[in-house]
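The values are calculated or read from the model by the stated rules, or taken from the named source; none is laboratory data. Note that the structure is a prediction, hence the values are computed from the model and not measured. Ideal geometry is used to build each Cβ from the backbone, glycine not excepted, and the neighbour counts take in all protein chains shown. Surface accessibility is based on the protein's heavy atoms, side chains included, excluding ligands, DNA and RNA. Shrake-Rupley method; radii C 1.70, N 1.55, O 1.52, S 1.80 Å.
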Amino acid sequence: MYKFTEVAEFKYALSLDNHAEIMEALTAFCKEKEIYAGSVSGIGAVNEATLRFLDPATKKYVDKTFNEQMEITSLVGNISMKDGQPYLHIHITAGRSDYSCVGGHLLCARINGACELFVEDFFDGTLGREPDPETGINLYKF
Ligand code: FE
């Protein structure tokens, strides 16, 4: 699902396999390395992506799937822990063939080409999450 190397202490470069699903591969990597506090950044290309938009009025996520070839112009996010598992909060901006962009909270995306990520493990920490009734978001639990 991925190849990786540790480029510096607790800093990893990942190359996800072509046709892998990004969130599945990234979650598997975090489980393998037991990362529960960290950050993610990356670029790549996908041909299917489901993005989420949180409607503050309803506190519900609205999902939309884009089935087209797009460049990941930016993928950024953070890693924490919820219910004992790695919890990935990832946002993405993807460029279409007409050079316009779509963006949002990343639910899932299928790589078509490549996906290169850096993951930093904040080794000493664990960041927890808990639901916030006011916003409907799982916020950091400090
Ligand atoms: Fe989000």
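Given a 10 angstrom Cα cut-off, can you work out which residue in 94, 28, 57 is the most mobile in a GNM of the chain? Of 94, 28, 57, the Gaussian network model singles out 57 as fluctuating most. Extending 7 Å from Cα along the Cβ direction at residue 139 and again at residue 58 yields two label points whose distance is 2.3 nm. Report the Cα centroid-to-centroid distance between the stretch 87-140 and the stretch 7-21 in angstrom, as an integer. Centre-to-centre (Cα) distance: 15 Å. Too long at a 27 Å Cα-Cα cut-off: which of 33/82; 3/141; 59/141? Distance filter (> 27 Å) returns 3/141. Amide H contacts under 5 Å for residue 73: 93, 94, 95, restricted to partners 5 or more places along the chain or on a different chain, H placed in the peptide plane at 1.01 Å from N. Using a cutoff of 8 angstrom between alpha carbon atoms and counting only pairs six or more residues apart, the relative contact order for the stretch 27-85 works out to 45 percent.
Net charge of the neighbourhood of residue 40, taken over other residues with C-beta under 13 Å away and scored Lys/Arg +1, Asp/Glu -1, is -1.
Given the options 21, 130, 71, state which has the largest fluctuation in a GNM of the chain using a 10 Å cut-off (strictly under) for Cα springs. Top of the fluctuation ranking is 130. Here the label points at residue 96 and residue 5, each 7 Å from Cα along the C-beta direction, are separated by 3.8 nm in the simple model. Each other residue within a Cβ distance under 12 Å of residue 87 adds +1 if Lys or Arg and -1 if Asp or Glu, for a net charge of +2. Amide hydrogen proximity for residue 112: with H placed 1.01 Å from N in the peptide plane, the residues at 5 or more positions away or on another chain lying under 5 Å are 19, 45, 46, 47.
Would you mind calculating the relative contact order of the stretch 2-141 from Cα pairs under 8 angstrom and at least 6 residues apart, reporting the percent as a whole number? Provide the component values of the computation, followed by the final result.
On the way: 346 pairs, mean separation 45.9, N = 140.
After rounding, I find 33 percent.
DSSP assigns beta bridges within the chain; of those with both partners inside it, close to 100 percent run antiparallel.
3J(HN,Hα) along the stretch 104-111, derived from phi through the Karplus expression 6.51 cos²θ - 1.76 cosθ + 1.60 where θ = phi - 60°, amounts to x, 6, 8, 8, 6, 7, 9, 6 Hz, with x in place of Gly and Pro. Comparing 62, 46, 76 in a Gaussian network model of the chain (Cα springs below 10 Å), the most mobile by mean-square fluctuation is 62. Residue 2 contributes an accessible area of around 50 Å² to the protein surface, as traced by a 1.4 Å probe with all chains present. Pair-distance distribution P(r) for the chain, from all Cα-Cα distances in 5 Å bins starting at 0: 2, 10, 19, 21, 19, 15, 9, 3, 0 percent. Computed from backbone phi with θ = phi - 60° and the Karplus coefficients 6.51, -1.76 and 1.60, the 3J(HN,Hα) list for the stretch 129-142 is 9, 8, x, 10, x, 5, 9, x, 9, 7, 8, 4, 10, 9 Hz; x is used for glycine and proline. Our summary gives the stretch 88-142 a relative contact order of 20 percent, counting only alpha carbon pairs under 8 angstrom and 6 or more residues apart.
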